[in-house]
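Asker: Take this structure first; my questions come after.
Every number in this text was worked out from the coordinates using simple rules, so none of it is lab data. Quantities reported herein were computed from a predicted structural model and do not represent experimental measurements. Don't worry about glycine lacking a Cβ; one is built from the backbone with ideal geometry, like all the others, and counts go over all protein chains shown.
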Amino acid sequence: MHIVDITMFYPVESGGVRTYLSAKSNWLARRRRIEHTVIAPRASGPARPDDDGVIGVPSIAIPGAPGVRVPLSTGFAERALRRLQPDLIEVGDPYQFAWAALRVKRSLQVPTVAFYHTDLSRIMQQRFGNAASAAANSYLRNLYRHFDLVLAPSRNAVERLHRLGVSQARYQPLGVDTSVFHPRLRDPGLREQLGLPANTRLLVYAGRFTREKKLPLLVEAMEHIGAPYHLLMVGGSLGKRQPANVSCLPFQPTRELARLVASCDALVHPGDGETFGLIVLEAMASGIPVVGTRGGGVPELVDDNCGILVEAGCSTALARGIRSLYHRDLAAMGAAARKRACDLYEWRMIMPQLLHQYSSVLGAGRRDLMEEEASDGWH
């Protein structure tokens, strides 16, 4: 059985899609009857298999989108797909690779699954207005109707797809490596390393510094509440907009990110358009509570025991939520967050669910194999 993932979202610096595909590759490597390959953009050179099971497609960088690359030609990817003769193709973006996969689907008669990682219509609305959002909805409806199955990582995203007429959309959450993101990594010396007083109320944001993340709201909230609250932002730079109670670090490797997150009091996540919110889950696994907004997929991850949800798009509400968090038992909330992540979102539980999804679009023989491997994966 050969599963091939193809996506443009595979930056050198880890992102949500890369985290998911890496977790899938690691988990499937222990399934003796399933082979897994990823096709994704690479900086230069001919398409070739890399040591980690990735076939790189020559590409160019997108200005203003760190780590994201556009393939020079979808022909490289299409030929690689045909050569691999996959039993199932999963597409991780709604762009050129998606159409290449559909062409291969028609010629090889192979089941093709789309994973709805990005809410394209919401991004277009935020950047270009309602007309662009409507055009994106029309585009997505036309694209996804050709797929056998469309997976979305939150119920909110599934409902949005159903409203578009994508009736084959199903809920499939992502997961977290709770051995990597763990409270044991908490470093009591982080405040000193950052040059902060020991009594600092230290918050963390981690992720891309892009418009849809609503970072100006977060910065405004921090300016409003002032000391002793301090925000550590990981993943970019604010430049001249950086207030005194905000520190910024560039992208960090996963292990270092896990240490930083576990060493803060709470994660603050101002975005309201996440299809899932992987960093939220990673913070919960690290044993810290979350202040998030009532929008997108985040409310499905965070309950009242492990975090606070506030009105979306309001810096005052965000500031109020941060303050109110410190009137509660942070240790108890962090423990509840860790338990929720371990009980519901461990990759070892999520991956068998994914194989069950795949089995629904496979022929009888392949379906039986997939179900057997999924059942073995629980143990």
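Asker: List the residues, sorted by chain then number, that are 5 or more residues from Asp148 or on another chain and whose placed amide H is less than 5 Å from its amide H.
Answerer: Thr112
Asker: Rounded to the nearest 500 deg cm²/dmol, what is the calculated helix-only ellipticity per residue at 222 nm for the chain, with -39500 (n - 2.57) per DSSP H run of length n ≥ 4?
Answerer: Calculated at 222 nm, the ellipticity per residue is -12500 deg cm²/dmol.
Asker: Let me ask something additional. Once fully extended, how much extra length lies between Glu311 and Leu344, figured as 0.36 nm per residue of separation less the alpha-carbon to alpha-carbon distance?
Answerer: Working it through step by step, the gained length comes to 9.3 nm.
Asker: Follow-up question, since we're still on this one. Which value, in Å to one decimal place, does the Kirkwood hydrodynamic radius take for the range 197-272 when every pair of different Cα atoms is included?
Answerer: Kirkwood radius, the range 197-272: 12.6 Å.
Asker: Taking Cα pairs under 8 Å and at least six residues apart, what relative contact order does the chain come out at, in percent?
Answerer: 13
Asker: Measure nothing fancy, just the Cα-based angle from helix 364-377's long axis to the longest principal axis of the chain, in degrees from 0 to 90, nearest 10.
Answerer: 30
Asker: Please compute the modelled spin-label separation between Ala134 and Asp187, points set 7 Å along Cα→Cβ, answer in nm with one decimal.
Answerer: In this crude label model, Asp187 to Ala134 measures out at 5.1 nm.
Asker: For the chain, set up a Gaussian network in which alpha carbons nearer than 10 Å are linked by springs, and say which option among Gly165, Gly189, Gly235 fluctuates the most.
Answerer: It is Gly189.
Asker: For the chain, modelled as a Gaussian network with Cα springs under 10 Å, which listed residue fluctuates most, Cys264, Cys314, Cys342?
Answerer: Between Cys264, Cys314, Cys342, it is Cys314 that shows the largest mean-square fluctuation.
Asker: Around Arg42, which amide H atoms from residues at least 5 apart in sequence, or from another chain, sit under 5 Å from its own amide H, with H modelled in the peptide plane?
Answerer: Long-range HN contacts for Arg42: Val57, Ser59.
Asker: So, R0 is 51 Å and r is the distance between the beta-carbons of Arg32 and Trp99; what FRET efficiency does that work out to, to 0.05?
Answerer: About 0.95, to the nearest 0.05.
Asker: Additional query: Any chance you could run the full-extension gain for Tyr326 through Arg163? It's 0.36 nm times the residue separation minus the Cα-Cα distance, nm to one decimal.
Answerer: 54.8 nm
Asker: Using square roots of five times the C-alpha gyration tensor eigenvalues, list the equivalent-ellipsoid semi-axes of the chain in whole Å, biggest first.
Answerer: For the chain, the semi-axes come out at 36, 22, 20 Å.
Asker: Calculate, for His146 and Val180, the FRET efficiency according to 1/(1 + (r/R0)^6) with r their C-beta to C-beta distance and R0 35 Å; round to the nearest 0.05.
Answerer: My answer for the efficiency is 0.45.
Asker: Also, I was wondering about something else. Jot down the radius of gyration and Dmax of the range 183-344, Cα atoms only, both in angstrom.
Answerer: 14.0, 42
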